[in-house]
Amino acid sequence: MDFRWTEEQELLIQSLEELLQREAPETLMAELDARHEFPFKPWQALADNGILALGIPEEYGGVPADITTLTLVCETLGKYALPLGIIYSLGIITIRDIIQFGSEEIKAKVLGGFVRGDLPVALGITEPQAGSDAAAMKATAQIDGDDVIFNGQKMYCTLAKIAKYILLMTRDAQGTNPYASISMWLLPTDTPGLRFNILNKVGWWTVPTYEVFIENARVPRKNLVGQFNSGWPQLMANFEIERLALCAASVGAAEAALEDSLSYANRRVQFGNPIGSYQAVQHILTDMAIKNENMRNYIYKVAWMMDQGQSVRHEHAMCKLYVARAACEVTDSAVQIMGGLGYMMDHRVQRLWRDIRLMRIGGGTDEIMYNIAGPQLLKHARKS
Amino acid sequence: MKIVVCAKLAPDASDIEVRSDGSISLDRAEWRIGSFDLQAIEAAVRLRDAHGGSVTALSAGPQRINHSKLRKDLLSRGPDELVLVAEDVLNGADTAVTAQVLAAAVRKIGAVDLVLTGEGSADLYFQQVGLQLGELLEVPAFNAVSKIEVKDSGVRIERSLEEETEVLELPLPAVLAVTTDIHTPRLPNMKEILLAAKKPVYEWSLADLELENAPEPRVEAVSLRAPRPVERKRILIEGSPEEAAQSLAGYLVKEGVV
Ligand SMILES: Cc1cc2nc3c(=O)[nH]c(=O)nc-3n(C[C@H](O)[C@H](O)[C@H](O)COP(=O)(O)OP(=O)(O)OC[C@H]3O[C@@H](n4cnc5c(N)ncnc54)[C@H](O)[C@@H]3O)c2cc1C
Ligand SMILES: Cc1cc2nc3c(=O)[nH]c(=O)nc-3n(C[C@H](O)[C@H](O)[C@H](O)COP(=O)(O)OP(=O)(O)OC[C@H]3O[C@@H](n4cnc5c(N)ncnc54)[C@H](O)[C@@H]3O)c2cc1C
């Protein structure tokens, strides 16, 4: 067993760390958060330095990268500038769906644009009545000659208004099996008939989320991504890597929370000694460090399995469940260690705490992760 | 234009550990490209990109600089090839020895138009290697160079001095030590990192350099100690400017400073 990164990975991450310190320093990220502004400039810097090119096919300006390398990138983004890690993770699923299922024309414009700094394609699955039960979606796609006309309402559609495209999921009302009645489309966000309502969130203030009302939005039929009524399996193909990427960003945030806590515990004097000298505080810090170590090992293992072409059907769900909860606990402990300061907007741990809380809900809730992993575990036990 | 850029690979200063007796341990330090040399590499690569030619990175030091990650790190920043003179006798080499070895290597590379170095090395920072190198190669050598333009068959340079900027035109070949603000060094991307592994690396021994005389150190390091941290005095001086100046002078005399 070899826990070392490759030299290429070490050099890439060193370079990325320096880039983030230059282009996305904490002061800037804090400012953008307070102003609820998308980090356009740091995002462009990622493109300019080839980070967004990673894992994109070379013919569209990309550079080969395995899943382990992408995981390290997400973790580093999460540590230095969590919103960038979040945005990158959201992009991973839609961009990969397009790499795998998009037509040549769609790939050329979307992938080339992404490598040059376009925002990721937003993902339109969730609807008011279809959250965890995503297949209960109702948005329709009606073929009209060479065009298709969309109607419906999407919920919690992150980046929708500011991205160039939404990867829109629709449901064929005629189909009896919902999983064989869903289609995937590329919907330009400037299409007439779209209305966006921004949602106020507890965290993710620099990464806007919208409710999208779709009324007779007409696009060419060739905007279909993949096969008609094959949208569900296409979507599932890349959910695992999206969850892994969200986990990696969360681990980065937990590392940042621990670093802040350690440095504060060494500095802050109460009762005549640094609070770090008290066992009660050392226990909290040690538990945080153990969780971080476990989370990191778990995401690297899942990434490695994916790179080996192994199935991660239940492992990825267990990993997401563990990481989302552990990262919430670690950021909560950071707030605790900082006492009153931890609860103040002046310090970043409150932001990490607010931003990380979503990880137990978005990309599939904790409970849904149990629902994926549990039956798989039982099935494996029956087989062996 | 054929450019050689000299870069020292040295222990990262942020990894230095001070032992309880004040001695310094570099055992756990990661070795990196000298931070001041990164600017020289950037300047060399930009000149090549604008005017054609090639950039050869050159580094001399102990065996451990011949490490594949360091080689890739150097080459991922743009040079076309790398020459390493890595022998343990060069561990802790003084500026005279370093300049003699680099001069011999530059001669062996041959037909070099321009040699660039950083302002000083990241660990010792004597700021002398560039000038000594020019002397040994018998070509013009300048430090504090903050701008380089190719002009006719030579270069036009700006030197940032304390009070003024000096503009000079020089024939080539020449040796120039660049300032830290000449350019912001680029950050290598994955494409460049992957490409770095495919670029040529030449490992030369001191014997390969055919030095007439074995390089002779001029400096003998007697000891290296971290300064002992001193508790701050925390003295607040109040009163009118005259009174304050008086009492400040009093304190300075009392502490034996003046
Ligand atoms: C900030 C944010 C950004 C988002 N971004 C996007 C996006 O870009 N694109 C997109 O399509 N969606 C997005 N979502 C939607 C997200 O995927 C859903 O919120 C999530 O899947 C949960 O759905 P829901 O909110 O409708 O909750 P519900 O599904 O209503 O769940 C409510 C509770 O019931 C539990 N529950 C539901 N079913 C079961 C069950 N069978 N067994 C046990 N427990 C169950 C859930 O775990 C949860 O605790 C985003 C959400 C948020 C909050
Ligand atoms: C919103 C808000 C409103 C407030 N309102 C008021 C108010 O109206 N009036 C007022 O006077 N104060 C008020 N406070 C202050 C509040 O009582 C303090 O924040 C609290 O007592 C903690 O002190 P601290 O923030 O300095 O943290 P610290 O005392 O610095 O604690 C930091 C961390 O070290 C731990 N720690 C400290 N000492 C030890 C020890 N000996 N052993 C183990 N662990 C230790 C703490 O539990 C904590 O986890 C308020 C604070 C907030 C955030």
- Query: Chains A and B: how much accessible area gets covered up at their contact, both sides added, probe 1.4 Å, in Å² to the nearest hundred?
  - Reply: 1600
- Message: Using a 1.4 Å probe on the protein heavy atoms only, what accessible surface does A:ASP287 show? Give it in Å² to the nearest 10.
- Response: 80
- So what's the angle, to the nearest 10 degrees on a 0 to 90 scale, between helix A:104-116 and the longest Cα principal axis of chain A? 30
- Across the alpha-carbon set of the stretch A:246-384, Rg over Rh with Rh taken as the Kirkwood radius works out to 1.08
- When chain B is treated as a Gaussian network with springs between alpha carbons less than 10 Å apart, the largest mean-square fluctuation among B:GLU231, B:GLU87, B:GLU166 is found at B:GLU231
- Query: Taking the Cα centre of the stretch B:1-44 as the origin, how large is its charge dipole in debye, to the nearest 20, when only Lys and Arg (+1) and Asp and Glu (-1) carry charge on their Cβ atoms?
  - Reply: 240
- Within chain A, helix-based [θ] at 222 nm, where runs of 4 or more DSSP H residues each add -39,500 (n - 2.57), nearest 500: -17500 deg cm²/dmol
- Message: Given a 1.4 Å probe, show me the residues in the stretch B:180-194 buried by at least 20 Å² of accessible surface when comparing the whole protein assembly to the chain alone.
- Response: B:THR184, B:LEU187, B:PRO188, B:ASN189, B:MET190, B:LYS191, B:ILE193, B:LEU194
- Message: Sort A:ARG4, A:ARG218, A:ARG348 by heavy-atom solvent-accessible area, probe 1.4 angstrom, most to least.
- Response: A:ARG4, A:ARG218, A:ARG348
- Task: Ratio to report: Rg/Rh of the stretch A:122-227, with Cα atoms as the point set and Rh obtained by the Kirkwood method; give two decimals.
- Result: 0.96
- For the stretch A:7-116, the dipole about the Cα centre with charges only on Cβ (Lys and Arg +1, Asp and Glu -1), to the nearest 20 debye, works out at 380
- Query: Using the Kirkwood formula over every pair of different C-alpha atoms, what hydrodynamic radius in Å results for the stretch B:43-105?
  - Reply: 12.7
- Task: Put one equal scatterer on each alpha carbon of the stretch A:7-116, apply the Debye formula with no solvent term, and list log10 I(q)/I(0) at q = 0.09 1/Å to two decimals.
- Result: -0.23
- Taking the highest mean first, how do the peptides A:198-210, B:238-250 order by number of other beta carbon atoms within 10 angstrom per residue? A:198-210, B:238-250
- Only Lys, Arg (+1) and Asp, Glu (-1) charged, at Cβ; chain B dipole about Cα centre in debye: 900
- What is the sum of charges around B:GLY130, taking Lys and Arg as +1, Asp and Glu as -1, for the other residues whose C-beta is under 11 Å from the C-beta of B:GLY130? -3
- Query: With point charges of +1 on the Cβ of Lys and Arg and -1 on the Cβ of Asp and Glu, referenced to the Cα centre of the stretch A:1-102, which listed residue (A:ILE87, A:ALA24, A:PHE3) lies farthest in the positive direction of the dipole?
  - Reply: A:ILE87
- Debye-sum result for the protein assembly as shown in log10 I(q)/I(0), which assumes one identical scatterer on each alpha carbon, at q = 0.05, 0.08, 0.09 Å⁻¹: -0.32, -0.75, -0.90
- Query: Is it possible to state the helix-based mean residue ellipticity at 222 nm for chain B, with each DSSP H run of 4+ residues giving -39500 (n - 2.57), the sum divided by total residues, to the nearest 500 deg cm²/dmol? What is it?
  - Reply: -8500 deg cm²/dmol
- Protection proxy ranking, peptides A:7-19, B:190-202, A:77-89, average beta carbon neighbours within 10 Å, highest first: A:77-89, A:7-19, B:190-202
- When the gyration tensor of chain A is built from Cα positions, what are the square roots of 5 times its three eigenvalues, in whole Å, from largest to smallest? 36, 23, 21
- Task: Take each uninterrupted DSSP H stretch in chain B, measure its Cα extent along the helix axis, and return the ones at 15 Å or beyond whose mean Kyte-Doolittle hydropathy is at least -0.5.
- Result: B:35-51, B:95-109, B:241-254
- Among residues other than A:SER103 whose Cβ falls under 13 Å from its Cβ, what is the net charge (Lys/Arg +1, Asp/Glu -1)? +1
- Could you check how much of the accessible area of the protein assembly as shown is carbon and sulfur, as a whole percent, using a 1.4 Å probe? 51
- Note on the structure: Ignoring ligands, DNA and RNA, the residues of the stretch A:1-20 whose accessible area with a 1.4 Å probe is reduced by 50 Å² or more relative to the chain alone are A:GLU7, A:GLU8, A:LEU11, A:GLN14, A:SER15
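The values are calculated or read from the model by the stated rules, or taken from the named source; none is laboratory data. The structure displayed is predicted, hence computed values, not measured ones. Cβ atoms come from the backbone with ideal geometry, glycine included; neighbour counts cover every protein chain shown. We work out accessible area using only protein heavy atoms, side chains counted, and drop any ligands, DNA or RNA first. Shrake-Rupley method; radii C 1.70, N 1.55, O 1.52, S 1.80 Å.
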